[in-house]
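Trainee: Sharing a structure, written as structure tokens. Questions coming.
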């Protein structure tokens, strides 16, 4: 057994304890099956680039060996590849009504289909459980600084600076200074067409409202969906009302208002 220097991602279903308490076993089983299906690595790519995956209940861990033979020969940009893959996982799971949080780092790990351990697992677990807090997949603070010291992380066609600029198309710096995957921005280019994208934005609004109301007196869970409301509304406002007008729609139908979450007469976002 040996550790492998890897890109490590850890994903967790948001509010799984409450899901277990409020749903029957069949519903819980469906949620877990969707989570495992969408969070696993692609089989062909896994074999080629020595990716490993393990899932237990509401937790999934993915690892990509940076020093694989193929990556030394063909550098596709493993970090950007993983980030885009994680973005798709978020989109797919949200379409199933499932929000997740997670983290991504670079470190050493041993990971097989039945066993996971190593300093990298400790790091990514602490990032996800302590730092992520909200329904977001965060990046280790040193990740964007790693391309000069570990050139195998980037595409062979990019300089370290170019790789960071490319990755920044899919990530966003939060108010706390932490970078996370900006899946709403990514949805526009990654979903099949404009109508699927607009439907996704509408569904995103609906799910935030539903989950906030389900939280009832659980203040911790409510804070997570307040974060989502802020993220959602900032994105919608950034698109601008003209964008929606151009498609015969109203921006007001996509913004989450205070009245949507609470029984008040306020229409203030």
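Trainee: Do we find a residue being crowded, with 18+ Cβ neighbours inside 10 Å, at pLDDT 95 or above, touching a helix residue (DSSP H, G or I) at 6+ places or on another chain (Cβ under 7 Å) and part of a strand (DSSP E or B) anywhere in segment 25-35?
Mentor: No, that holds for no residue.
Trainee: Okay, moving on. Considering only segment 147-166, state which residues are exposed (fewer than 13 other Cβ atoms within 10 Å of the Cβ) and in contact with a strand residue (DSSP E or B) (Cβ under 9 Å, 6 or more places away or on another chain).
Mentor: Of everything in segment 147-166, just one residue is exposed (fewer than 13 other Cβ atoms within 10 Å of the Cβ) and in contact with a strand residue (DSSP E or B) (Cβ under 9 Å, 6 or more places away or on another chain), namely 156.
Trainee: Out of curiosity, is residue 104 in contact with a helix residue (DSSP H, G or I) (Cβ under 6 Å, 6 or more places away or on another chain) and either modelled with pLDDT of 95 or more or within 19 Å of residue 124 (Cβ to Cβ) (or both)?
Mentor: no
Trainee: Shifting gears a bit: For segment 69-87, what are the residues that are farther than 16 Å from residue 150 by Cβ and buried (at least 16 other Cβ atoms within 10 Å of the Cβ)?
Mentor: Let us first name the residues in segment 69-87 that are farther than 16 Å from residue 150 by Cβ, namely 69-70, 73-74, 84-87.
84, 85, 86, 87 - these are the residues of segment 69-87 that are farther than 16 Å from residue 150 by Cβ and buried (at least 16 other Cβ atoms within 10 Å of the Cβ).
Trainee: Another question about this same structure. Check segment 55-69 and report whether any residue there is part of a helix (DSSP H, G or I) and either at positive phi or assigned by TED's automatic domain parsing to the domain that holds residue 36 (or both).
Mentor: So the first thing to find is which residues in segment 55-69 are part of a helix (DSSP H, G or I), and the list is 69.
Then drop every residue that is not either at positive phi or assigned by TED's automatic domain parsing to the domain that holds residue 36 (or both), which leaves 69.
There is at least one residue in segment 55-69 that is part of a helix (DSSP H, G or I) and either at positive phi or assigned by TED's automatic domain parsing to the domain that holds residue 36 (or both).
Trainee: Out of (1) surrounded by fewer than 21 Cβ atoms within 10 Å (Cβ to Cβ); (2) touching a strand residue (DSSP E or B) at 6+ places or on another chain (Cβ under 8 Å); (3) assigned to a helix (DSSP H, G or I), the odd one out for residue 113 is which?
Mentor: Against the list (1) surrounded by fewer than 21 Cβ atoms within 10 Å (Cβ to Cβ); (2) touching a strand residue (DSSP E or B) at 6+ places or on another chain (Cβ under 8 Å); (3) assigned to a helix (DSSP H, G or I), residue 113 comes up short only on (3).
Trainee: Now a separate question. Taking only pairs six or more apart or across chains, which ones have beta-carbon atoms under 6 Å, a first residue in segment 11-23 that is over 20 Å from residue 54 (Cα atoms), and a second residue that is not in a helix (DSSP H, G or I)?
Mentor: Going by the 6 Å Cβ cut-off, there are no qualifying pairs.
Trainee: Out of curiosity, is residue 40 within 19 Å of residue 167 (Cβ to Cβ) and either at pLDDT 95 or above or within 21 Å of the chain's Cα centre (by Cα) (or both)? Steps first, answer last, please.
Mentor: Working: within 19 Å of residue 167 (Cβ to Cβ): no; either at pLDDT 95 or above or within 21 Å of the chain's Cα centre (by Cα) (or both): yes.
The answer is no for residue 40.
Trainee: Within segment 133-146, identify whether any single residue is crowded, with 17+ Cβ neighbours inside 10 Å, in the same structural domain as residue 53 (by TED's automatic domain parsing) and free of Cβ contacts under 8 Å to residues at least 40 places away in the same chain, and answer yes or no. Talk me through it step by step, then tell me what you get.
Mentor: Going through segment 133-146, the residues crowded, with 17+ Cβ neighbours inside 10 Å turn out to be 133-140, 143, 146.
Now narrow it down to the ones that are in the same structural domain as residue 53 (by TED's automatic domain parsing): 133-140, 143, 146.
Going one step further and asking which of them are free of Cβ contacts under 8 Å to residues at least 40 places away in the same chain, we end up with 140.
Yes, some residue in segment 133-146 is crowded, with 17+ Cβ neighbours inside 10 Å, in the same structural domain as residue 53 (by TED's automatic domain parsing) and free of Cβ contacts under 8 Å to residues at least 40 places away in the same chain.
The values are calculated or read from the model by the stated rules, or taken from the named source; none is laboratory data. Computed from a prediction, not measured in an experiment: that's the story for all the values here. Every residue, glycine as well, gets a Cβ built from its backbone with ideal geometry; the counts of neighbours run over all protein chains shown.
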